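Colleague: Mind having a look at this structure? Questions to follow.
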Amino acid sequence: MQDCKHWQDLAAKVSPETRLFIDGKFVDAVDGQRFTTFNPATGKPIVEMVRGNSKDIDLAVRAARRAYKSGVWSRMAPRARMDVMYRIARLMELHADEFALLDCLDMGKPITELTGGDVPFSILTFQYFAETIDKIEGTVTSTDPSALHMIVREPLGVVACITPWNYPLMMAAWKVAPALAAGNSVILKPAEQSPMSALLLARIFAEAGVPDGVFNVVNGFGEDTGKVLGLHMDVDKIGFTGSTEVGKLMMVYSGQSNMKKVTTECGGKSPQIVLADADLGAAVTYAVNGIYTNQGEVCSAGSRLLVQESLYEEFVERFALEAQRFQPGDPLDPATTMGPLVTPEQQTRVLGYIESGKREGAQLILGGDRPVGMDAGNYVQPTLFGKVNETMTIAREEIFGPVGAVIPFKTPEDAVAIANNSIYGLASSIWTRDLTTAHRMARDIEAGIVWINCYEHGDMTQPWGGYKQSGQGRDKCFDTMLAHMQTKSVWINLG
Ligand code: NAD
């Protein structure tokens, strides 16, 4: 494993691409604007990025449409498109350290999470969707002999992918890989807090043989670029990952413009339910990881810890001990388990939620403040509240930080009722040794994902997405490929 000095040396030399990527070229913005991206661990600027607006979005959409219509990618033989996608995956492997470094500097995620998680999973995403390309088939349906009816699948056209900052490379991969694999042209609009790794992706795509115009990156702010894509009359689909608030706007933009298809992967407030017969050691370990990984800036963070009353004291005690594994530190140090939050605004927001927990009468068990002596970065201590009830703000709203809330419950039925008492429904877990209880509760829980005796397990076949206001549509999985295509009915009269 590389040591801290290795990463610090690389960081000192880093010279990221800063321009937009449109029609196969790195370009400045039409209006020449820029914005600064900051290192959340130090508060210092990293680099000035080129900032796009509606003029750059227009150019990107035009290039994407031109490429789509030319058929250079959309009608490329499936095996040839697969070859390009596999080349992308291989080139990403060669640049794995660079990807890890860029996201670590941009959003503060610990480097080992990137080298062991985000980067390999992003590579796997391109491999998985490459594999699906020649598995897509049309259908000949059963009709009257006087007709031949074929259902064929075609790409949608121009797809805009709008992504958040919490897994910059991985969220881009989840959105872009199926869109490209299906034969669409793509415009990626990364979050303004983490704009760097998308441009390395663009360089790799060009090297791998993605034709000009098929993939474009326009960095910029939500109102100037994301909204313009949402309202654009020549974009056929928005693949959005981000907050529920902005996800709803995407649906409005679609209705106000061309009824483009919209899929949204949004926020969560996921329950981890621990029943009295659980393997407590395992449940505590997963519960700690489930809320503190990536500083709690995870859509599926298991932020509501529902614990059966008889276990409550022991659970809380063991949780506080295990939580010591998560100590805020320099994200470039491979020993660090918890980095800073992405921005000072996010830090203020999370500290505000901690204050609301105290004010509304929850019991502060762990953390609850900034760590001492780390004022340069946007750090927050791993925090745990006990004796939380389901009406408190910290039990209802997505905090998106390292703050767990332990909610005691009496019966499995109570647990399900509390779990479902949320506008969100992304993920959940049930810890029990009783298979019947587990199956029954899994049926009753309103969430896109139910983990039993684990948390955050899965592979590329797992549909990723939520019930209720956690969004609509799914990432990963074979169905995602189909969601980037449309069906055409070809009815031939043989009579
Ligand atoms: P955000 O909604 O603020 O921003 C997401 C993207 O939308 C960014 O690219 C941003 O520039 C753009 N945007 C912002 N305002 C816009 C507007 N008015 N019009 C158009 N585009 C706009 O979200 P965030 O803070 O970057 O990310 C955190 C959120 O993402 C959390 O709620 C988290 O749960 C969610 N998330 C969900 C999943 C999932 O799979 N369900 C995965 C990761 C993150």
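The values are calculated or read from the model by the stated rules, or taken from the named source; none is laboratory data. Keep in mind it's a predicted model, so treat the numbers as computed, not measured. Reconstructed Cβ throughout: ideal geometry from the backbone, glycine too, with neighbour counts over all protein chains shown. Side chains are part of the model used for accessible areas, which takes the heavy atoms of the whole protein and leaves out ligands, DNA and RNA. Shrake-Rupley method; radii C 1.70, N 1.55, O 1.52, S 1.80 Å.
Colleague: With 28 Å as the limit, write out which pairs from K135/K227; K248/K269; K135/K488; K260/K468 have Cα-Cα distances beyond it, or answer none. Let's see the in-between values first.
Modeller: Working: K135/K227 34 Å; K248/K269 17 Å; K135/K488 18 Å; K260/K468 21 Å.
Where the Cα-Cα span goes over 28 Å, the pairs concerned are K135/K227.
Colleague: Would you kindly work out the equivalent ellipsoid of region 391-495 from its C-alpha gyration tensor and give its semi-axes, the square roots of five times the eigenvalues, largest first in whole Å?
Modeller: Working: eigenvalues 249, 60, 38 Å².
One finds semi-axes of 35, 17, 14 Å for region 391-495.
Colleague: Among the DSSP beta bridges whose two residues both lie in the chain, what percent are antiparallel, rounded to the nearest 5? Intermediate results must be reported in sequence, preceding the final value.
Modeller: On the way: 28 of 63 bridges.
About 45 percent, rounded to the nearest 5.
Colleague: Relative contact order of region 276-427: what whole-number percent is it, with Cα pairs under 8 angstrom and at least 6 residues apart? It would help to have the intermediate numbers written out before the result.
Modeller: Details: 247 pairs, mean separation 42.9, N = 152.
Taking the mean separation of contacting Cα pairs over the length of region 276-427, I get 28 percent.
Colleague: Continuing with the same structure: Once you place label points 7 Å from the Cα toward the Cβ at Q127 and D144, how far apart are they in nm?
Modeller: The modelled label-to-label distance comes out at 5.1 nm.
Colleague: Report, in debye and to the nearest 20, how large the dipole of region 171-254 comes out about its Cα centre when Lys and Arg carry +1 and Asp and Glu carry -1 on their Cβ.
Modeller: Numbers: 6 positive and 8 negative charges, 39 e Å.
Taking the Cα centre of region 171-254 as origin, the dipole is about 180 debye.
Colleague: Count of lysine pairs in region 1-93 with Cα atoms under 28 Å apart, counting only pairs 8 or more residues apart in sequence or on different chains? Before the final figure, lay out the partial values.
Modeller: Values: K5/K13; K5/K44; K13/K25; K13/K44; K25/K55; K25/K69; K55/K69.
Step by step, the pairs that qualify in region 1-93 add up to 7.
Colleague: Still on this structure, I have one more. Above 27 angstrom, tally the Cα pairs of region 1-125 and express them as a % of all pairs, no decimals. List each step's numbers first, then the result.
Modeller: Working: 2810 of 7750 pairs.
Percent of Cα pairs beyond 27 Å in region 1-125: 36.
Colleague: Which order do R304, R370, R19 take by accessible area at a 1.4 Å probe, largest first? Please report the intermediate quantities before stating the final value.
Modeller: Details: R304 5, R370 110, R19 85 Å².
Listed by decreasing accessible area, they come as R370, R19, R304.
Colleague: Would you calculate the separation in nanometres between label points at S310 and E154, each defined as 7 Å from the Cα along the Cα-to-beta-carbon direction?
Modeller: Taking the simple label geometry, S310 and E154 are separated by 6.3 nm.
Colleague: Rounded, prolate or oblate: which one fits region 140-283, using the alpha carbon gyration tensor with axes a ≥ b ≥ c (rounded when a/c is under 1.5, else prolate when a/b beats b/c, else oblate)? Write down the numbers at each step before the final one.
Modeller: Details: a/c = 1.65, a/b = 1.19, b/c = 1.39.
In terms of gyration-tensor shape, oblate.
Colleague: Can you give me the Cα centroid spacing of region 1-44 and region 288-350 in angstrom?
Modeller: 28
Colleague: Treating the angle as unsigned and between 0 and 90°, give the value, to the nearest 10°, between the Cα long axis of helix 78-94 and the longest Cα principal axis of the chain.
Modeller: That works out to roughly 40 degrees.
Colleague: Shifting gears a bit: For V27, which sequence-distant residues (separation of 5 or more, or a different chain) have an amide H within less than 5 Å of its own amide H, given hydrogens modelled in the peptide plane?
Modeller: L20, F21, I22
Colleague: Show me, for region 124-131, the HN-Hα J-couplings you get by feeding each phi into the Karplus relation (A = 6.51, B = -1.76, C = 1.60, θ = phi - 60°), rounded to Hz, glycine and proline as x.
Modeller: Rounded to whole hertz, the list is 4, 4, 5, 5, 4, 6, 4, 4.
Colleague: Using the crude model of +1 on Lys and Arg Cβ and -1 on Asp and Glu Cβ, and no other charge, please compute the dipole size for region 81-172 relative to its Cα centre, in debye to 20.
Modeller: Working: 6 positive and 13 negative charges, 28 e Å.
That gives region 81-172 a dipole magnitude of about 140 debye.
Colleague: What's the angle, to the nearest 10 degrees (0 to 90), between helix 168-181's Cα axis and the longest principal axis of the chain?
Modeller: 30
Colleague: Same structure, new question: At a probe size of 1.4 Å, how large is the accessible area of Y68, to the nearest 10 Å²?
Modeller: 50
Colleague: Put E309, E360 in order of accessible area, largest first, 1.4 Å probe: what do you get?
Modeller: On the way: E309 95, E360 75 Å².
Largest to smallest exposure gives the sequence E309, E360.
Colleague: Nearest 10 degrees, 0 to 90: what angle lies between the long axis of helix 4-13 and the longest principal axis of the chain (Cα atoms)?
Modeller: Rounded to the nearest ten degrees, it is 40.
Colleague: Okay, moving on. So the label point goes 7 Å from the Cα of F35 along Cα→C-beta, right? Which residues of region 193-233 then have their backbone N under 14 Å from it?
Modeller: Taking a point 7 Å out along Cα→Cβ of F35, the residues of region 193-233 whose backbone N falls under 14 Å are 193-196, 218-229.
Colleague: In addition: Using amide H atoms built in the peptide plane, which far-off residues or other-chain residues are under 5 Å from I452 H to H?
Modeller: I430
Colleague: Quick one: Karplus J couplings for region 353-367, per residue in order, coefficients 6.51, -1.76, 1.60, θ = phi - 60°, nearest Hz, x for Gly and Pro?
Modeller: 5, 4, 4, 5, x, 5, 4, 8, x, 6, 9, 6, 9, 8, x
Colleague: How much mean residue ellipticity at 222 nm does the chain get from its helices, if each DSSP H run of length 4 or more adds -39500 (n - 2.57) and you divide by all residues, to the nearest 500 deg cm²/dmol?
Modeller: Values: 16 runs with 183 residues, N = 495.
Helices in the chain give a 222 nm mean residue ellipticity of -11500 deg cm²/dmol.
Colleague: In Å, what is the Rg of the alpha-carbon atoms in the chain, and how long is Dmax?
Modeller: Gyration radius and largest Cα-Cα distance of the chain: 23.2, 83 Å.
Colleague: So, for the chain, what is the accessible surface per residue at a probe of 1.4 Å, expressed in square angstrom? Don't jump to the answer; show the numbers that get you there.
Modeller: Details: 19640 Å² over 495 residues.
About 40 Å² of surface per residue is accessible.
Colleague: On to the next question. May I ask which residue of A287, Y253, L366 lies farthest towards the positive end of the charge dipole of the chain, with charges of +1 (Lys, Arg) and -1 (Asp, Glu) on Cβ and the Cα centre as origin?
Modeller: The residue sitting most towards the positive pole is Y253.
Colleague: Using 1/(1 + (r/R0)^6) with R0 = 22 angstrom and r between the beta carbons of Q2 and D459, what's the FRET efficiency to the nearest 0.05? Spell out each step's value before the answer.
Modeller: On the way: r = 26 Å, r/R0 = 1.20.
With R0 = 22 Å, the Cβ-Cβ based efficiency is 0.25.
Colleague: Which of rounded, prolate or oblate describes region 309-381 when judged by the alpha-carbon gyration tensor and an a/c cut-off of 1.5? The partial results should precede the final answer.
Modeller: Details: a/c = 2.95, a/b = 1.32, b/c = 2.24.
Taking the square roots of the gyration eigenvalues as a ≥ b ≥ c, region 309-381 is oblate.
Colleague: Amide H of G425 versus every other amide H placed in the peptide plane: which residues, excluding those fewer than 5 positions away on the same chain, fall under 5 Å?
Modeller: Long-range HN contacts for G425: K269, Y467, Q469, S470.
Colleague: Can you tell me the dipole magnitude for the chain around its Cα centre, using point charges on the Cβ only (Lys, Arg +1; Asp, Glu -1), in Debye to the nearest 20? All intermediate terms of the calculation are to be shown ahead of the outcome.
Modeller: Numbers: 46 positive and 58 negative charges, 283 e Å.
In debye, rounded to 20, the chain gives about 1360.
Colleague: I need two numbers for region 292-415: Rg to one decimal and Dmax as a whole number, Cα atoms only, in Å.
Modeller: Rg and Dmax of region 292-415, Cα atoms, are 14.3, 46 Å.
Colleague: I'd like the Karplus ³J(HN,Hα) series for region 115-120: coefficients 6.51, -1.76, 1.60, θ = phi - 60°, whole numbers in Hz, and an x wherever there's a Gly or Pro.
Modeller: In residue order, the calculated couplings are 6, x, x, 3, 5, x Hz.
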